[in-house]
Amino acid sequence: MPSGTVYLVGAGPGNPGLLTLRAKELIEQADVLVYDYLVHPKLLHFVKDGCETIYVGKQAGFHSMKQEDIQKLLVEKSEAGKSVVRLKGGDPYIFGRGSEEARQLIDAGIDFEVVPGVTAASGAGAFSGTPLTERNTNSTLVVVTGHEDPEKESTMVDWANLPKKNSTICIYMGVGQLPRIAGELLKGGFAKTLPVACVEWATMGHQRVCRGNLETIVEDAKAFELKAPSIIIIGETAGMTENLSWFEKKPLQGRRLVVTRSQGQASELSQKLEALGAEVIGLPLINITRNVDVETAEDVFSEIASYDWLVFSSPNGVRYFFEAFFERFKDIRSLGFIRIATVGKATAKEVERFFVSVDLIPDEANADSLGDALVKTDSLDSSKVLIVSGNLGRDSLIAKLDEARAIVDKFEVYKTEANDLSENPDAKRFREQGADAIIFTSSSGVTSFMNQAKDLALGADAIRPKTASIGPITSAMMKQQHMPVDFEAKEASLESLVERIVENLGK
Ligand code: SAH
């Protein structure tokens with residue numbers, strides 16, 4: 001990527017899966033990322049270390065940064081030799097002022113590229129089951145703004161003369177102006193019975209659709225408390241949705257769920273919940289970094305083949321252990337005939353990525369059960385056990401093994417620290433909007449949540465979340481921290497947890 005170029009990039013309508021490959025590639029390489037209100041916080045996770053991220057968001061009624069200042073910023077950063085990605089909601093050239101920014105760049109002699117995005121109307125159509133064209137009924141598609149520059153002398157939109165027959169009208173920025181617009185359309189001769197679908201937060205887990213017809217929609221939208229951002233779709237196809245709507249049928253669609261995770265870690269749980277239609281806020285409570293003491297590593301690796309058991313208590317442990325292992329050895333056989341135990345299936349999966357199979361996984365994924373299962377193998381008396389873990393204690397496991405007369409060494413390969421959430425966009429969304437539930441998958445997740453409680457205090461309008469727990473150990477910690485446990489998974493597994501969430505919060 002040549003330095004000093006500005007990329008005007010469409011981020012799509014919100015759902016992170018609708019980002020283009022080119023957009024993702026550019027975000028990953030950017031030195032500076034300048035982004036808007038409608039850009040999903042998840043996209044910020046793609047940036048490289050050291051990328052400067054600048055929020056210039058615009059929300060109706062309040063501007064974080066004036067358009068001129070945004071343009072100055074783009075010029076300034078690119079003149080400093082940086083690769084700048086200007087990430088905008090939807091498509092930059094559809095009500096995105098992308099062309100104004102491009103012209104400014106031309107004037108400043110700066111190279112630029114424009115990357116189109118899935119525009120909100122397209123996302124709203126697909127995710128609400130409203131085709132924007134239809135061979136027999138809708139052959140014209142109109143994309144129109146409901147909110148023109150208030151400083152303009154006369155309005156440019158001739159509502160009364162928009163095509164009335166066989167057309168679909170998609171209105172952007174129209175929520176505040178809906179009564180006036182509907183009035184003008186009716187006055188202009190649009191049929192009162194023409195179906196209307198207003199799609200709020202299209203393509204997102206919390207998408208809502210308000211349906212009516214041109215005569216009723218003003219009242220319908222009021223009763224529905226329709227808010228921006230919404231796309232208003234008017235036309236025959238807006239009434240055809242019964243069998244075409246698929247997104248709203250997902251069991252968790254409309255639910256906002258919070259999962260706790262470590263910085264930079266994509267969560268399997270989030271993916272499962274999103275696949276069921278939920279909007280997931282991933283709170284990066286902790287930061288996990290490799291932390292291998294050189295001398296300890298030397299001690300461990302110089303006699304690695306003499307251990308009888310290698311025990312992993314988390315996927316992170318596996319990752320950092322093998323990273324250090326392969327820095328020292330070229331061949332997996334240097335592990336010797338060691339037996340391997342993991343605390344649960346997720347950790348085992350991580351081991352299997354190295355084409356090494358796991359000999360023991362306890363029925364329940366916790367340190368106590370792992371200790372019991374190891375003791376039951378009857379192989380511990382004077383055998384050498386290496387426990388690979390983070391800086392947070394596995395003392396109960398060590399005590400159990402000691403009791404069974406094993407010789408236990410502990411090898412710490414990573415450390416866990418609290419993350420600063422005051423400026424974090426996911427945390428901000430949680431504070432402002434709240435959630436339907438917050439899901440805990442470990443007792444350490446509970447403690448880090450409580451440790452950061454002051455950065456997570458909910459605002460007055462936020463939805464108060466229920467609490468879900470993956471199993472008895474996590475629940476015990478929640479109770480200890482005076483937190484209610486509204487529901488708990490039947491078995492301590494992600495599958496069972498997801499099932500329980502659907503039972504309690506699903507449609
Ligand atoms: N460039 C953007 C549009 C920006 S104008 C695009 O191509 O989509 C902002 C308007 O876009 C909002 O007022 C709303 O009408 C619409 N919009 C953007 N994202 C939306 C979403 N997820 N759901 C519904 N409408 C959305």
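The values are calculated or read from the model by the stated rules, or taken from the named source; none is laboratory data. Bear in mind that the values here come from a model prediction, so they are computed numbers and not experimental data. All Cβ positions, even for glycine, are placed from backbone atoms using ideal geometry, and neighbour counts span all protein chains on display. Remember, those area values only see protein heavy atoms, side chains included, never the ligands or the DNA or RNA. Shrake-Rupley method; radii C 1.70, N 1.55, O 1.52, S 1.80 Å.
Some notes on this structure:
- For the listed peptides 70-76, 233-239, a ranking on the average number of other beta carbons within 10 Å per residue, highest first, reads 233-239, 70-76.
- Unit charges at the beta carbon, dipole of the chain: most positive-side option, N391, F112, I217: I217
- Shown for segment 215-319: the carbon plus sulfur share of the solvent-accessible area, taken with all protein chains present and a 1.4 angstrom probe, equals 50%.
- Charge dipole of the chain about the Cα centre (unit charges at C-beta), most positive-ward option of F190, S306, V498: F190
- At most 12 other Cβ within 10 Å, DSSP loop - GluC sites (Glu not before Pro), segment 83-183: E151, E153
- Relative to the Cα centre, the charge distribution of segment 289-417, modelled as +1 at Lys and Arg Cβ and -1 at Asp and Glu Cβ, gives a dipole magnitude of about 420 debye.
- With contacts taken as Cα pairs under 8 Å and at least 6 residues apart, the chain reaches a relative contact order of 10 percent.
- Available extension along the chain between K384 and K345 is 11.7 nm, counting 0.36 nm per residue and deducting the alpha carbon span.
- Annotation: extensible slack from Q29 through D395 equals 127.5 nm (criterion: 0.36 nm per residue apart, minus Cα-Cα distance).
- Measuring only protein heavy atoms, the 1.4 Å probe finds K507 accessible over about 140 Å².
- Charge context of A418, other residues only, Cβ under 12 angstrom, K/R +1, D/E -1: -1
- FRET efficiency for K187 and N287, using Cβ-Cβ distance with R0 set to 51 Å, rounded to 0.05: 0.30
- Using a Förster distance of 45 Å, the FRET efficiency for I338-K479 (Cβ separation, nearest 0.05): 0.70
- Shape of segment 75-206, Cα gyration tensor, a/c cut at 1.5: prolate
- Within the shell defined by Cβ-Cβ distances under 14 Å, the residues around L43 carry a net charge of +3, with Lys and Arg each +1 and Asp and Glu each -1.
- Cα gyration tensor shape for segment 289-417, rounded if a/c is under 1.5, else prolate or oblate: rounded
- Taking every alpha-carbon pair under 8 Å whose residues sit at least 6 apart, segment 121-249 reaches a relative contact order of 35 percent.
- Peptides 303-310, 283-290 ranked from most to least packed give 283-290, 303-310, packing being the mean of other C-beta atoms within 10 angstrom over each peptide's residues.
- With Cα atoms defining each centre, segment 105-145 and segment 199-265 are spaced 18 Å apart in the structure.
- Rel. contact order, % - alpha carbon contacts under 8 angstrom, at least six apart, segment 6-118: 42
- Annotation: lysines with alpha-carbon distance below 20 angstrom to K82 (same-chain offsets under eight excluded): K24, K48, K72.
- Where only DSSP H runs of four or more residues are counted, the chain gives -9000 deg cm²/dmol as its mean residue ellipticity at 222 nm, each run worth -39500 (n - 2.57).
- Think of it this way: in the chain, C51, C170 stand alone, with no other Cys Cβ under 4.7 Å.
- Ordering Q433, A373, T130 by the projection of their Cα atoms onto the charge dipole of the chain, which places +1 on the Cβ of Lys and Arg and -1 on the Cβ of Asp and Glu, puts T130 at the extreme positive end.
- Computed from the Cβ-Cβ distance with R0 of 22 Å, the FRET efficiency linking R180 to S99 stands at 0.25.
- Virtual spin-label span in nm between S245 and I54, 7 Å along Cα→Cβ: 4.2
- Assigned charges on the beta-carbon of Lys, Arg, Asp, Glu; segment 84-228 dipole about Cα centre (debye): 560
- To put it simply, the accessible area of segment 423-507 at a 1.4 Å probe is 51 percent carbon and sulfur.
- Of the cross-linked pairs K42/K249; K349/K479; K42/K490; K345/K454; K192/K250, those separated by over 27 Å at the C-alpha level are K349/K479; K42/K490; K345/K454; K192/K250.
- Counting only protein heavy atoms and a 1.4 Å probe, the chain has 48 square angstrom of accessible area per residue.
- Think of each Lys and Arg Cβ as +1 and each Asp and Glu Cβ as -1; about the Cα centre, that makes the dipole of segment 6-118 roughly 320 debye.
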